[in-house]
Amino acid sequence: MNSEILPGSIDGKLSRMDIKLAVDNRLINIEMQIGNESDFNDRAMYLWAKLFTGELKRGDEYGELKQSICINIINFNMFDCPEFHSHFTVMEKNRHEVLTDKCSIIFFELKKISKNANKNNRKELWLQLINAESKEELDMLAQTGVEPIQKAVYTLYQMSEDEKIQEMAHQREISLHDEATRMGSARREGRAEGRTEGRAEGRTEGILNVARNALQRKMPIADIADITGLPLKEIERLQQQ
């Protein structure tokens, strides 16, 4: 449903691609995410809600809402479990009774995928294909004899020979390096700023301690202001404390 925006999505934010599909009267959104983002679980829930309600037109009955499935393929560990596949729905907390089959939020965690190809597990094979990083891994998948996987590997090899796609991949790799460099610089600047702020806060607290000690010794407020450089109102506030 949104194939025309895929190139922009891939190159736009560099870390995310999404595909919206209509399959057998169901709405499906496939999200692929490289970098870990805070509140990603809330984001996934928000995207499902938008998908679920987005197709209901004014005057339509609620029963016309379609089954909406959000599939999140993520390159980081999100849940504290060994399973790579997590499927969430809406159900009663104690009885585990499902409220509706129209809500499905699915996560596939690529970091938990085995490197060993199992031709009897189609789901894992497709994820291994998505997760493949070398020609050797693709060849291993092709040798499983699973026809759809073999066709997909062959298509990837064809795409890799396309000069335009090669250039897109090259530019994307450069962009990922640039993004990593920007993030690293931001972290380093943040640490440096934190150290600077810490030193400034330390100096300020030191001056306030001088003023407090001077007040305890009954020194005139005007003299304390001259010594510390603090405003009279600030010294009066300390005196009240």
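The values are calculated or read from the model by the stated rules, or taken from the named source; none is laboratory data. Here the structure is a predicted model, which is why all the values come from computation and not from measurement. Note: ideal-geometry Cβ built from the backbone for every residue, glycine included; neighbour counts use all protein chains shown. Areas reflect the complete protein model, heavy atoms only, side chains present, ligands, DNA and RNA absent. Shrake-Rupley method; radii C 1.70, N 1.55, O 1.52, S 1.80 Å.
Sequentially through the stretch 72-78, phi angles give Karplus couplings (6.51, -1.76, 1.60; θ = phi - 60°) of 10, 9, 10, 9, 7, 7, 10 Hz, Gly and Pro residues having no value and appearing as x. Measuring r between the beta carbons of F88 and Q241 and using R0 = 51 Å, the FRET efficiency lands at 0.45.
Spin-label model, E189 to K164: label points 7 Å out along the Cα-to-beta-carbon direction sit 3.7 nm apart. Each Lys and Arg Cβ is given +1 and each Asp and Glu Cβ -1; about its Cα centre, the chain then shows a dipole of about 820 debye. Checking (i) 24.1; (ii) 14.5; (iii) 13.0 against mean projected area of the Cα convex hull in nm² calculated from these atoms, the matching label is (i). Counting only chymotrypsin sites (Phe, Trp or Tyr not before Pro) that are in a DSSP loop and have at most 16 other C-beta atoms within 10 Å, tell me the longest site-free stretch of the chain. Result, exposed sites excluded: 80-241. In whole percent, what relative contact order does the chain give with Cα contacts below 8 Å and a gap of six or more residues? Contact order relative to length: 11 percent. Once the 1.4 Å probe is applied to the protein heavy atoms, the chain comes out at 69 Å² accessible per residue. As a fraction of the 1.4 Å probe accessible area of the chain, surface on carbon and sulfur atoms comes out at 52 percent.
In the chain, a dipole from Cβ-located charges (positive for Lys and Arg, negative for Asp and Glu) runs towards its positive end, and of L65, V23, G206 it is G206 whose Cα lies farthest in that direction.
Cross-linked pairs K66/K119; K20/K123; K57/K102; K93/K115; K111/K151; K50/K115: Cα-Cα separations exceed 26 Å for K66/K119; K93/K115; K50/K115.
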